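A single structure is presented below for examination.
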Amino acid sequence: MRRIAFTGVRHDTPLYPSGRLIHFVSTTPQAVAYARGKTVLEADLAAFSGWQEQEPARARRLVGYGIHSMIAAPLRARGVTMGVATFWRSQKPEPFDDDDVSLAEELVARAAVNIDNARRYTREHSTAVALQRSLLPRGLPEQTALDVAYHYLPAQAGLGGVGGDWFDVIPLPGARVALVVGDVVGHGLHAAATMGRLRTAVHNFASLDLPPDELLWHMDELVSRIDQDEDTDGAVTALTGATCLYAIYDPTSRVCTVARAGHLEPVIVHPDGEVEFPGVPAGPPLGLGGLPFESSELHLSEGSSLVLYTDGLVEDRHRDIDEGLELLRRTLAHAGGPPEETCRAVLEALLPERPRDDVALVVARTRVLDGNRAVSWDVPADPSEVARVRAEAARTMDEWGLAEEAFTTELILSELVTNAIRHAGEPIAVRLIRDRSLICEVSDGSSTAPHLRRATTTDEGGRGLFLVSQFAERWGTRYTGSGKVIWTEQPLPW
């Protein structure tokens, strides 16, 4: 065994120092106590009854030093022997007796439980951190709407442990990007596992292209159901109190739509350095149920930074949360530089050496898809306008150096615009976006979604969406406040 701690009334004894690896022979009291799990009393060391076989020369020095009695007590907790505590007596002439043995056993038993608790907690903390990191994004997805940097820091073991903070960057159709930051109440494995469930749910709801307020409503329903299931079990803490902020940024319109459920509001850093808390309405935490969520539309200039964070960044037992928010504002006003440098400046200014709570920080700087990469047209509800749309699309594709893709794009737009004119209503609009793929969008004033079907040989129509699905790499529908958008994506040749 290795001696990990040593102290006494004097420090010049011949005993082994801390850190020493000791190979105890089987006849020593330490070896016997460890093997049998029982305390061993050696009342008279000068009798040399076997304990000295460990190292005879050192044993004689110990006795000559004045050490005359010893107790070896095993460190046992929950059926596991973790080591041995040895007590030596030198100054008092009386040897250790049974009362001393009882006291030593009580002290060692308490110490063993504390050591085992620390060992178990450290292992659980390490497991929770590993689980948390495995459930968080390992890298950022490819997208052109935002320049994003992030930092995640788990809480220090012993000060609260890993919690349920998470963040995400989710590409959406139409070159848009969703930013998510959330926090689950509590700490440990349960909080980390719950975070993974909620993050997966956000991804699933985001794939439906829901607006932020509607997505949070679905998340609220989900957390309420989870709480109900776990209440019936009675063994797991309810989730009520989980928070989330969800934002969607459109690089063509420069509009960022934000909604939050009990979460701290984002911070906007404008290109001129002005820092603003935009006043996004504060919805209730997830799981309360019955209360609505509201969205805010923020118009962001190119080069603005959207800063999302969890409460561990600004809240600390040594300062009020308002002080933390003010410190964050001042830091962002002087940070400047790219998002990665801003992240570092914020963490250095606000975080204590040993944070008591998890911290998730996301800094996203906006980009804009200008007229060279995005064009749009309004389309009157007149079938003759389809030819004009095809011609405009062909001209745009030629300007973008995508003449080879023009025929496919014309076909897709022709089918979608025709459907909008025949089956939907005004306003009808077309938008082409040249991003990592070629995106075609046709919007109309109807909330009725088209569905793909296979026309029979005798049908005169019904093949439009089938053709679109064959020529486009992906297609789908998203709803807006005034209707819907049918979108398609085509791979680019480079």
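The values are calculated or read from the model by the stated rules, or taken from the named source; none is laboratory data. None of these values were measured; they are calculated from a predicted model. Glycine also receives a Cβ, built like all others from the backbone with ideal geometry; neighbour counts cover every protein chain displayed. Heads up: the accessible areas ignore ligands, DNA and RNA and are worked out on the full protein's heavy atoms, side chains in. Shrake-Rupley method; radii C 1.70, N 1.55, O 1.52, S 1.80 Å.
Take the range 135-169 and flag every residue that is in a loop (DSSP other than H, G, I, E, B), modelled with pLDDT of 90 or more and open to solvent by less than 10 Å² (accessible area, probe 1.4 Å).
Ala145
Let me ask another. Output yes when any residue across the range 341-355 is open to solvent by 40 Å² or more (accessible area, probe 1.4 Å), free of Cβ contacts under 8 Å to residues at least 60 places away in the same chain and among the β-branched types (Val, Ile, Thr), and no when none is.
no
When you scan the range 112-129, do you find a residue that is part of a loop (DSSP other than H, G, I, E, B), within 27 Å of Ser18 (Cα to Cα) and not charged (D, E, K, R), even just one? Outline the logic, then answer.
Narrowing the range 112-129 to residues part of a loop (DSSP other than H, G, I, E, B): none.
No.
Out of curiosity, is Arg58 surrounded by fewer than 14 Cβ atoms within 10 Å (Cβ to Cβ) and in contact (Cβ under 8 Å) with a residue 40 or more places away in the chain? Show your work before the answer.
Working: surrounded by fewer than 14 Cβ atoms within 10 Å (Cβ to Cβ): yes; in contact (Cβ under 8 Å) with a residue 40 or more places away in the chain: yes.
Taking the combined requirement at face value, the residue satisfies it.
Yes/no per residue for (1) under 25 Å from Asn117 (Cα atoms); (2) at pLDDT below 90:
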residue: Thr13; (1), (2): no, yes
residue: Ala57; (1), (2): no, no
residue: Val63; (1), (2): no, no
residue: Pro74; (1), (2): yes, no
residue: Arg78; (1), (2): yes, yes
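Hey, another quick one. What are the residues in the range 14-24 that are farther than 14 Å from Val84 by Cα and touching a helix residue (DSSP H, G or I) at 6+ places or on another chain (Cβ under 6 Å), if any?
If the condition is that a residue be farther than 14 Å from Val84 by Cα and touching a helix residue (DSSP H, G or I) at 6+ places or on another chain (Cβ under 6 Å), then Pro14 is the only one that fits.
So, in the range 39-55, of the ones that are in a loop (DSSP other than H, G, I, E, B) and not acidic (Asp, Glu), which residue ends up surrounded by the most Cβ atoms within 10 Å (Cβ to Cβ)? Walk me through how you get there before you give the answer.
Our first condition is that a residue be in a loop (DSSP other than H, G, I, E, B); within the range 39-55, this holds for 39, 43-44, 48-50, 55.
Now drop any that are not not acidic (Asp, Glu), which leaves 39, 43, 48-50.
Details: Thr39: 20, Ala43: 17, Phe48: 13, Ser49: 13, Gly50: 14.
Per the criteria, the residue is Thr39.
Need the failing condition index for Thr240 against (1) polar (S, T, N, Q); (2) open to solvent by 60 Å² or more (accessible area, probe 1.4 Å); (3) in a helix (DSSP H, G or I); (4) at pLDDT below 90, just the number.
(3) is the only condition that Thr240 fails.
Can you tell me which residue in the range 411-437 is modelled with the lowest pLDDT, limited to those that are assigned to a helix (DSSP H, G or I), in contact with a helix residue (DSSP H, G or I) (Cβ under 8 Å, 6 or more places away or on another chain) and within 15 Å of Val379 (Cα to Cα)?
Here the answer is Asn419.
Looking at the range 294-310, I want the residues that are within 13 Å of Leu361 (Cα to Cα) and have a partner that is open to solvent by 10 Å² or more (accessible area, probe 1.4 Å) and among the charged types (D, E, K, R) with Cβ atoms under 6 Å, at least 6 apart or on another chain. Which pairs are those?
Sorted first by the residue in the range 294-310, then by its partner, the pairs are Ser305/Arg365; Thr310/Asp183.
While we're looking at this one, here's another question. Applying the selection to the range 62-108, what residues are in contact with a Pro (Cβ under 7 Å, 6 or more places away or on another chain), crowded, with 19+ Cβ neighbours inside 10 Å and assigned to a helix (DSSP H, G or I)?
Leu62
May I ask you to list the residues in the range 1-38 that are of a type outside the set (A, V, I, L, M), open to solvent by 80 Å² or more (accessible area, probe 1.4 Å) and under 26 Å from Gln91 (Cβ atoms)? Lay out the reasoning, then the answer.
Step one: filter the range 1-38 for residues of a type outside the set (A, V, I, L, M), giving 2-3, 6-8, 10-14, 16-20, 23-24, 26-30, 34, 36-38.
Now drop any that are not open to solvent by 80 Å² or more (accessible area, probe 1.4 Å), which leaves 2, 7, 10-12, 20, 23, 26, 34, 36, 38.
Across the range 1-38, the qualifying residues are Thr7, Arg10, His11, Asp12, Arg20.
Any residue in the range 210-229 that is on the phi > 0 side of the Ramachandran plot and either crowded, with 16+ Cβ neighbours inside 10 Å or modelled with pLDDT of 95 or more (or both)? Reasoning before the result, please.
Filtering the range 210-229 for residues on the phi > 0 side of the Ramachandran plot gives none.
Looking through the range 210-229, none of the residues is on the phi > 0 side of the Ramachandran plot and either crowded, with 16+ Cβ neighbours inside 10 Å or modelled with pLDDT of 95 or more (or both).
Can you name the strands (runs of 3 or more DSSP E) wholly within the range 262-353 that have at least 2 residues being within 22 Å of Ala145 (Cβ to Cβ) and over 23 Å from the mean Cα position of the chain (by Cα)? Don't jump to the end; show me each part of the working.
Values: elements: 267-269, 296-299, 305-309.
Once the strands (runs of 3 or more DSSP E) in the range 262-353 are filtered for at least 2 residues that are within 22 Å of Ala145 (Cβ to Cβ) and over 23 Å from the mean Cα position of the chain (by Cα), what remains is 296-299.
For the structure I just gave you, tell me whether Gly401 is more than 35 Å from the chain's Cα centre (by Cα), modelled with pLDDT of 90 or more and in a loop (DSSP other than H, G, I, E, B).
It is true that Gly401 is more than 35 Å from the chain's Cα centre (by Cα), modelled with pLDDT of 90 or more and in a loop (DSSP other than H, G, I, E, B).
Can you confirm whether the range 305-315 contains a residue that is open to solvent by 70 Å² or more (accessible area, probe 1.4 Å), farther than 30 Å from Leu222 by Cα and modelled with pLDDT of 90 or more?
Quick first cut of the range 305-315, residues open to solvent by 70 Å² or more (accessible area, probe 1.4 Å) only: 315.
When the remaining residues are screened for being farther than 30 Å from Leu222 by Cα, the result is none.
No, that holds for no residue.
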